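Trainee: Below: one structure in structure tokens.
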Amino acid sequence: MDATDRFTGFVRSARDSGRLVVQPRMGFGELHRMRAGLRAVRDADATTVGTVTLDSYTRCHDDAAARRALREHPGDLNGFPLLAHGVPAVRSLLQEVSSPDFPVQVRHGTPRPLRLFRAMAEAGADATEGGPVSYCLPYGRVPLARAVQEWSAGCELLAAQPVPPHMETFGGCMLGQLCPPSLLVALSVLEAMFFQRHGLRGISLSYAQQIHAGQDLEALAALRRLADERLSGSAHHIVLYTFMGVFPRTELGSRRLLAASARLAARGGADRLVVKTPAEAHRIPTVEENVAALEYAGSVAADEAADEAEGADGGPPATASGLYEEARTLVDAALETGGTLGECLVAAFARGVLDVPYCLHPDNANRSRATIDARSMLVWSRAGAMPVTPTRTAAAARVTARQLTELLTFNSRRFDGSDGLDRCDRFDRSDRYERQRPLRSAS
């Protein structure tokens, strides 16, 4: 096996010490602001890794627009223009701020990552993330086969480095919401297997918090079990994302949702948590707001881990809906299409064996549908050609535009309280954290 990269080693060390690693999603246009943000995250009162999130122009390969924005109004960029700054400047930034105790991940969001991966390798980035499916279907119209081809070349380029960087799947976060957990688990595992087949060894598997704590606990257990079964020889860990869909609009609702994700990470055995802030529903958060969210999530997770060690009531148990079996069936059905893993992914989507609900990409069948049942669980309402079984009550119902809006705002209404917080269980409400550890206001 290759030498362990710094990112993999840091998360493993934190896990061995019983600490959850927390991470922001942060990127700024100017070098000095990016440097200040990384330093603030490094110095936060939590176990942190750094993030450099790229801007939209760079993600879309519009280099001229990125250079112009950096020259004329850098404060308006919605992320860090890595290519516009140039490799020497980025390498200097990372050498100054990162270390074995503070590795940095570069987040990019493009289905065509080869140029960016080359620049990241030359600049010395510790980690990056994404996937041939998860950074293709939701983000544009690049054909899936082309994305697979670029990701294959990109992973092999990174794997050829003296110490290959860590790679994280984004398949467990597909579309952010309304994708049933079994498909999220299956996509995360398939992308991790894709990375491993192309030579990468330090791998993490993502899963995004959904709407039902017990169902999310079952999903995290299924993800870990499948990863252990299918990724032998890799150093892998589980990363949870705070809910990525329509976010609560109130600070109180945001705190409740963030606390619920931290508790889920602790109870579900995740090694790393990527957080959001109360600013998410309104604008890009400041450095101070990111640090406050990191410290809050870290403290909630530590309290939850202590409670669990003492045998305290941890809220609802994991459901037992057969989620592992369904995810394993989806993985096997994709692999049975034959060929390389990349060819399997392309064929599986072409045949509708994998089918992301509500995803409009031309290479997605878009015949499946999901809904929220009477138990507040995310379930299949239409299977399309996938080997999954819709719930009997949901199968007959067609989702109207108004109902889709209600589904999309389920969590925001619930955590903001307008839909009745009495419907939230103890796991989700986290009222005691509001009393004991108020989220520090950003200055």
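Trainee: So, R0 is 25 Å and r is the distance between the beta-carbons of Arg392 and Arg351; what FRET efficiency does that work out to, to 0.05?
Mentor: 0.45
Trainee: Go ahead and run the numbers for FRET between Arg68 and Asp307, Cβ-Cβ distance against an R0 of 45 Å, rounding to 0.05.
Mentor: It comes to 0.30.
Trainee: When only DSSP loop residues count, what GluC sites (Glu not before Pro) in region 272-363 have their Cβ near at most 10 other Cβ atoms within 10 Å?
Mentor: Filter output for region 272-363: Glu310.
Trainee: Provide the packing ranking of 184-195, 232-243, i.e. peptides ordered by the mean count of other C-beta atoms within 10 Å per residue, highest first.
Mentor: 184-195, 232-243
Trainee: Hey, another quick one. For the pair Asp45 and Leu360, how long in nm is the line joining their label points, each one 7 Å along Cα→Cβ?
Mentor: 4.6 nm
Trainee: Determine the per residue accessible area of region 1-109 with all protein chains present and a 1.4 angstrom probe, expressed in square angstrom.
Mentor: 43 Å²
Trainee: A further question follows. With Cβ to Cβ distances under 12 Å as the rule, what net charge do the other residues near Pro143 carry (K, R +1; D, E -1)?
Mentor: Summing Lys and Arg as +1 and Asp and Glu as -1 gives +1.
Trainee: To continue, here is another question. With a sphere of radius 13 Å drawn around the Cβ of Thr400, what net charge do the other residues whose Cβ falls strictly inside it have (Lys, Arg +1; Asp, Glu -1)?
Mentor: Here the charged neighbours net out to +2.
Trainee: Counting only protein heavy atoms and a 1.4 Å probe, tell me what percentage of region 172-310's accessible area is made up of carbon and sulfur.
Mentor: Carbon plus sulfur share of accessible area: 48 percent.
Trainee: Please give the length that would be gained between Thr340 and Ala320 if that part of the chain were fully extended, namely 0.36 nm times their separation in residues minus their C-alpha to C-alpha distance (nm, one decimal).
Mentor: 3.9 nm
Trainee: Along the charge dipole of the chain, Cβ charges K/R +1 and D/E -1, which of Gly245, Val90, Pro317 sits furthest on the positive end?
Mentor: Gly245
Trainee: At 7 Å along Cα-to-Cβ for each site, give me the label-to-label distance between Arg375 and Ala89 in nm.
Mentor: Each label point is offset 7 Å from its Cα along the Cβ direction, giving 5.3 nm.
Trainee: Tell me the per residue accessible area of region 115-178 using a 1.4 Å probe; a whole number in Å² is fine.
Mentor: 31 Å²
Trainee: Using the Cα atoms as the points, what is the convex hull volume per residue of the chain in Å³?
Mentor: Expressed per residue, the convex hull around the Cα atoms of the chain is 134 Å³.
Trainee: Okay, moving on. I'd like the distance between the alpha-carbon centres of region 290-357 and region 174-251, rounded to an integer number of Å.
Mentor: Cα centres, region 290-357 to region 174-251: 4 Å.
Trainee: Provide the per residue accessible area, probe 1.4 Å, for region 248-305, rounded to a whole number of square angstrom.
Mentor: Counting only protein heavy atoms, the per-residue value for region 248-305 is 26 Å².
Trainee: If you place +1 on the Cβ of every Lys and Arg, -1 on the Cβ of every Asp and Glu, and leave all else neutral, what size is the dipole of region 120-237 about its Cα centre, to the nearest 20 Debye?
Mentor: 240 debye
Trainee: What part of the accessible area of region 67-170, given as a whole %, is carbon or sulfur when the probe is 1.4 angstrom?
Mentor: 48 percent
Trainee: Modelling each spin label as a point 7 Å along the Cα-to-Cβ direction, I'd like the Tyr139/Glu229 distance in nm, to one decimal.
Mentor: So the two model labels end up 3.0 nm from each other.
The values are calculated or read from the model by the stated rules, or taken from the named source; none is laboratory data. This is a predicted model, so every value here is computed, not measured. Cβ sites come from the backbone with ideal geometry, for glycine too, and all protein chains shown count toward neighbours. Please note that ligands, DNA and RNA were not included when accessible areas were found on the heavy atoms of the full protein model with its side chains. Shrake-Rupley method; radii C 1.70, N 1.55, O 1.52, S 1.80 Å.
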